[in-house]
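Q: Right, I'll just put the structure down here and ask away after.
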Amino acid sequence: MNADRTRGGLSTTPAKGHPSDRPGADAPDHRDRPGAEVPDPRDRPGVGVPDHRGRTGLDQAGRALDRNPGVVIRDVELTSQGWHVLRRTTFDYRRRDGRWVMEQRETYDRGNGAVVLPYDTARRTVLLTRQFRYPAYVNDHPDGMLVEAAAGLLDADDPLTAVRRESAEELGVTLGPLTHVLDAYMSPGSVTERLHFFAAPYTPADRTGTGGGLEEDGEDIEVLELPFTEALAMTRDGRITDGKTILLLQWAALDGPFA
């Protein structure tokens with residue numbers, strides 16, 4: 001077998017001994033050749049100068065990680081910065097048999113998020129949303145219109161504040177006491193996001209707004225109040241295919257308010 005192989009389009013290269021003991025570990029690479037024209041990375045938006053969102057230092061994420069002695073971060077490259085950030089990280093990894101290998105992984109950083117399932121045990125209903133999701137549409141969903149629990153990125157808020165904000169914006173509901181269900185990484189192979197899951201009771205009187213999301217953010221959200229039994233059935237027949245929503249509805253049936 002060739003010593004160099006690829007995984008997900010990124011290289012995996014065997015390395016002998018601890019990374020710091022490898023020949024050339026501290027040697028100049030091809031970018032340090034005499035006469036080579038090497039752009040200063042500090043001139044790149046998002047690195048040394050502010051990008052369109054005013055951010056700098058986006059290439060620093062993860063460089064100081066040392067919680068796992070079997071992982072040594074070597075380099076972090078900013079490959080794209082739109083609204084969110086794509087990075088390529090090079091690191092040395094100690095396999096279970098003791099061998100060190102060099103790995104590269106691309107990570108998509110969109111920040112952390114929070115999601116909530118409002119429920120009414122008296123009427124046995126839940127509040128959900130329906131909105132167009134282009135990534136699902138381009139990946140074989142019939143029309144891209146996904147039924148989901150209300151969710152959003154934390155931005156500068158804590159998870160509790162974020163779910164109350166999203167519930168008001170998307171559902172038009174003012175939530176009562178929040179129950180923390182769990183936290184989960186939803187796509188840990190490539191996406192850094194950790195999602196905080198909540199549930200909360202509501203009554204008809206708590207529906208104080210129209211919901212629908214923020215038009216200035218491009219949102220066009222339909223509010224759905226569904227019988228819980230129907231919502232659960234929708235997870236089985238394919239009408240609900242969103243992972244976070246399936247998880248919350250299954251929790252509600254097994255351990256939550258409708259158990």
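Q: Return P(r) of the range 102-259 (all Cα-Cα pairs; 10 Å bins starting at 0; whole %; ordered from short to long distances).
A: The percentages, shortest bin first, are 11, 40, 37, 10, 2, 0.
Q: A further question on this structure: Which sequence of Trp83, Trp100, Trp251 reflects their accessible areas, 1.4 Å probe, from the largest down?
A: Accessible-area ranking of Trp83, Trp100, Trp251, largest first: Trp83, Trp251, Trp100.
Q: Give the ranking of Tyr185, Tyr93, Tyr137, Tyr119 by solvent-accessible surface, highest area first, calculated with a 1.4 Å probe.
A: These residues rank, largest area first, as Tyr185, Tyr137, Tyr93, Tyr119.
Q: Using a 1.4 Å probe, how large is the accessible area of Arg99, given in Å² and rounded to the nearest 10?
A: 110
Q: Which three lengths, in whole Å and largest first, does the range 104-175 cover when its Cα atoms are put on their principal axes?
A: Principal axes ranked by extent give 50, 34, 19 Å for the Cα atoms.
Q: Quick one: check the C-alpha center-to-center distance for the range 164-235 versus the range 40-84, whole angstrom.
A: So the separation of the two Cα centres works out to 32 Å.
Q: Assign one of three labels to the range 45-121, namely rounded, prolate or oblate, based on the Cα gyration tensor with a ≥ b ≥ c the square roots of its eigenvalues; rounded applies when a/c is under 1.5, prolate when it is not and a/b is larger than b/c, and oblate otherwise.
A: Verdict is oblate for the range 45-121.
Q: For the range 248-258, take each phi angle, set θ = phi - 60°, evaluate the Karplus expression 6.51 cos²θ - 1.76 cosθ + 1.60, and give the result in whole Hz per residue in order, putting x for glycine and proline.
A: 5, 5, 5, 4, 4, 7, 8, 10, x, x, 10
Q: Given a 1.4 Å probe and every protein chain left where it sits, what share in percent of the accessible area of the range 95-174 is carbon and sulfur?
A: Whole-percent figure for carbon plus sulfur exposure: 50.
The values are calculated or read from the model by the stated rules, or taken from the named source; none is laboratory data. Everything numeric in this text was worked out from a predicted model, so none of it was measured. Surface accessibility is based on the protein's heavy atoms, side chains included, excluding ligands, DNA and RNA. Shrake-Rupley method; radii C 1.70, N 1.55, O 1.52, S 1.80 Å.
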